[in-house]
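All remarks here apply to the structure that follows.
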Amino acid sequence: MNTRTTLWDAVHAERRELVRHLEALAPDQWQTPSLCPGWSVHDVLAHLIDSATTTRRGFLRKMVAARFDFDRMNAHGVARHRAADPWATLEAFRAVVDRTDTPPGPLVTRLVEAYVHGEDIRRPLGIGTTYPPEHVLTALEHLARTGAGLGGGRERVAGRQLVPVDGGRSIGAGAPVRGSAVSLLLAVAGRPVGTGELTGAGAAGLVGSR
């Protein structure tokens, strides 16, 4: 059962694991392009700090300041939290890993953010990790059933059945797409995945490969 405590425990565990991985980076790796177009690994980490410190009321203030442009608001957040020295940004992230502030929306969106942005950072750096399958599946179910207007991927997976090969129930109906829960999550989020990570009649055209 995904209680509030269970979900926050999963988010905090993922944040701490990301800190552990980033502690080992070489200086030049911080500028590696992430899976987020236009953002480096350093930028994504700054965004994670911004998100972890944003309350529901704070989100509304930031949206007003950004003239209700979501992308502009995110850019402002990255600029605000991206220190000149990436190690200072990492220290700032370490200081907020256990916070429970959240923008508006279901709490499960914190899982989506943690795992998708974790892969945005890790994949370009060649860092592998293991995520809790049950929590990734929870994030996947939410993203697949949420419309694009609320940051989801429901339209992207319309007419497809998502089949996690590492366990868990299938999601949706239609042409099957098979892959790990994490690979499916990235695809539903519109991220590129590696050739062969997704198979089945519905895999073609879901997302671009890298």
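Here, each number is a calculation from the coordinates, and none is a lab measurement. Not measured: the values here are computed from a predicted model. Quick reminder, even Gly has a Cβ in these numbers, built from the backbone with ideal geometry, and neighbours come from all protein chains shown.
Tabulated results
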| quantity | calculated |
| --- | --- |
| Relative contact order for the range 5-153, counting Cα pairs under 8 Å that sit 6 or more residues apart, in percent | 31 |
| In degrees, nearest ten, helix 41-52 long axis to first principal axis of the chain (Cα) | 80 |
| Sequence-distant residues sharing a close amide H with GLN161 (under 5 Å, placed H) | GLY174, ALA175, VAL177 |
| GNM result for the chain, Cα springs below 10 Å: residue of THR130, THR89, THR55 fluctuating most strongly | THR130 |
| Dipole moment magnitude, nearest 20 debye, the chain about Cα centre, only Lys, Arg, Asp, Glu C-beta charged | 580 |
| Positive-end residue of ALA144, TRP8, THR195, charge dipole of the chain with Cβ unit charges | ALA144 |
| Computed [θ] at 222 nm, deg cm²/dmol, the chain (DSSP H ≥ 4; -39,500 (n - 2.57); rounded to nearest 500) | -15000 deg cm²/dmol |
| Karplus-derived 3J(HN,Hα), 6.51/-1.76/1.60, for each residue of the range 149-164, Hz, glycine and proline x | x, 10, x, x, x, 4, 5, 5, 9, 4, x, 10, 10, 8, 10, x |
| Assigned charges on the beta-carbon of Lys, Arg, Asp, Glu; the range 115-157 dipole about Cα centre (debye) | 100 |
| HN-Hα J in Hz across the range 178-194 - Karplus 6.51, -1.76, 1.60, θ = phi - 60°, x for Gly and Pro | 10, x, 5, 4, 5, 5, 5, 4, 5, 4, 5, 7, x, 8, x, 10, x |
| Sites excluded, GluC sites (Glu not before Pro) in DSSP loops with at most 16 other C-beta within 10 Å, longest stretch of the chain | 24-154 |
| Assigned charges on the beta-carbon of Lys, Arg, Asp, Glu; the range 121-210 dipole about Cα centre (debye) | 180 |
